[in-house]
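Here the structure is laid out as structure tokens; the discussion comes afterwards.
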Amino acid sequence: METNGHEHVIEVTDLRRVYGGGFEAVSGITFSVRRGEIFALLGTNGAGKTSTVELLEGLAAPAGGRVRVLGHDPYTDRALVRPRTGVMLQEGGFPSELTVAETARMWAGCVSGARPPAEVLALVGLESKAGIRVKQLSGGQRRRLDLALALLGDPEVLFLDEPTTGLDAEGRRETWELVSALRDGGTTVLLTTHYLEEAENLADRLAIMHEGRIATTGTPAEVTAAEPSRISFELPDGYFVGDLPPLGELGVTGHETDGRAVRLRTHELQRTATELLVWAARARVDLRRLDVRPASLEEAFLRIAKDASAHRTTGTTTKEYAA
């Protein structure tokens, strides 16, 4: 299939992966990734993320369904797909006695049309570590080396499996900037991550997996839109929730109290916050510990896990829940 100008460079349809003993790690998922976008695959441990990515990388044949990367089957057409993709695994297996530069040169010898090793080491901020042995690198520096080697072939499609594990906050931000720059240059990126903030900052679109199935997909804004925003505060002594204006008129959809602490849920954050503050000003009430938070990807993620657990408790199967 010709892929020049093709909108989707990754296409997954009813994909299944089954391990020995009949354990189904991936249970018929469908999604696609457009050219030049960052797509994040999220999920709890054991959700099936890595099992899915390995199928996309051509490391195994699916038990069912169809996968296409750059218009080809990545398993049967591996020779056509592999030179055009870059892969960053969760853990690299580098010879510990080689230096960083030697490792990059060795890897470049296995890549068609490899970029200069010094160039990719500079991209990930390891140029000053070129003469250091791999065994002397910190965990975060090894992750940077993993990323550098994935970029050696100047890939059209880049697979990143937990790319910022072990990095400090500065290193994580620098990696985000690099991945965003790669996307802006036309590289398609599929990443898995446990850092929800990372997905919110990087992903153009995302999917949340749970127990082998995709529970929801869309842009970060679309996925969080169903979740309520939250406003929390403490009322002064002598005031109670009943002293507030009718919560329904404030756009509040639910609330909890714990002594003086009040927590409101709303899908109309600006209106609710504005009317609450207007009431407080008129009543000359100080809303202590006031905290206003928009809906977050974390809340959507936790709600999906909680709902699935509730369905298991009531006897509903995962397959019925996901359907």
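The values are calculated or read from the model by the stated rules, or taken from the named source; none is laboratory data. Please read all numbers here as calculations on a predicted model, not as lab measurements. Don't worry about glycine lacking a Cβ; one is built from the backbone with ideal geometry, like all the others, and counts go over all protein chains shown. Each accessible area value is taken on the protein alone, full model and side chains, heavy atoms only, with ligands, DNA and RNA left out. Shrake-Rupley method; radii C 1.70, N 1.55, O 1.52, S 1.80 Å.
Okay, here's what the table says:
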item: Selection status of Gly113, in a strand (DSSP E or B), on the phi > 0 side of the Ramachandran plot and open to solvent by less than 80 Å² (accessible area, probe 1.4 Å); result: no
item: Neighbours by Cβ (under 6 Å, 6+ apart or cross-chain): first from the stretch 158-173, within 13 Å of Val124 (Cβ to Cβ) and acidic (Asp, Glu); second open to solvent by 50 Å² or more (accessible area, probe 1.4 Å) and not in a strand (DSSP E or B); result: none
item: Selected residue (only one of Leu42, Leu55 is within 30 Å of Arg303 (Cβ to Cβ) and in contact with a Pro (Cβ under 7 Å, 6 or more places away or on another chain)); result: Leu55
item: Residues of the stretch 129-180 classified as open to solvent by less than 10 Å² (accessible area, probe 1.4 Å), assigned to a helix (DSSP H, G or I) and farther than 23 Å from Ser96 by Cβ, total; result: 1
item: Candidate set from the stretch 238-292 (those that are surrounded by 12 or more Cβ atoms within 10 Å (Cβ to Cβ) and of a type in the set (Lys, Arg)); member that is nearest to Pro228 (Cα to Cα); result: Arg265
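Here's the yes/no breakdown for (1) assigned to a strand (DSSP E or B); (2) free of Cβ contacts under 8 Å to residues at least 60 places away in the same chain; (3) surrounded by fewer than 17 Cβ atoms within 10 Å (Cβ to Cβ); (4) under 23 Å from the mean Cα position of the chain (by Cα):
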residue: Ile10; (1), (2), (3), (4): yes, no, no, yes
residue: Asp14; (1), (2), (3), (4): yes, yes, yes, yes
residue: Thr30; (1), (2), (3), (4): yes, no, yes, yes
residue: Val33; (1), (2), (3), (4): yes, no, no, yes
residue: Leu41; (1), (2), (3), (4): yes, no, no, yes
residue: Leu59; (1), (2), (3), (4): no, yes, yes, yes
residue: Pro74; (1), (2), (3), (4): no, yes, no, yes
residue: Leu80; (1), (2), (3), (4): no, yes, yes, no
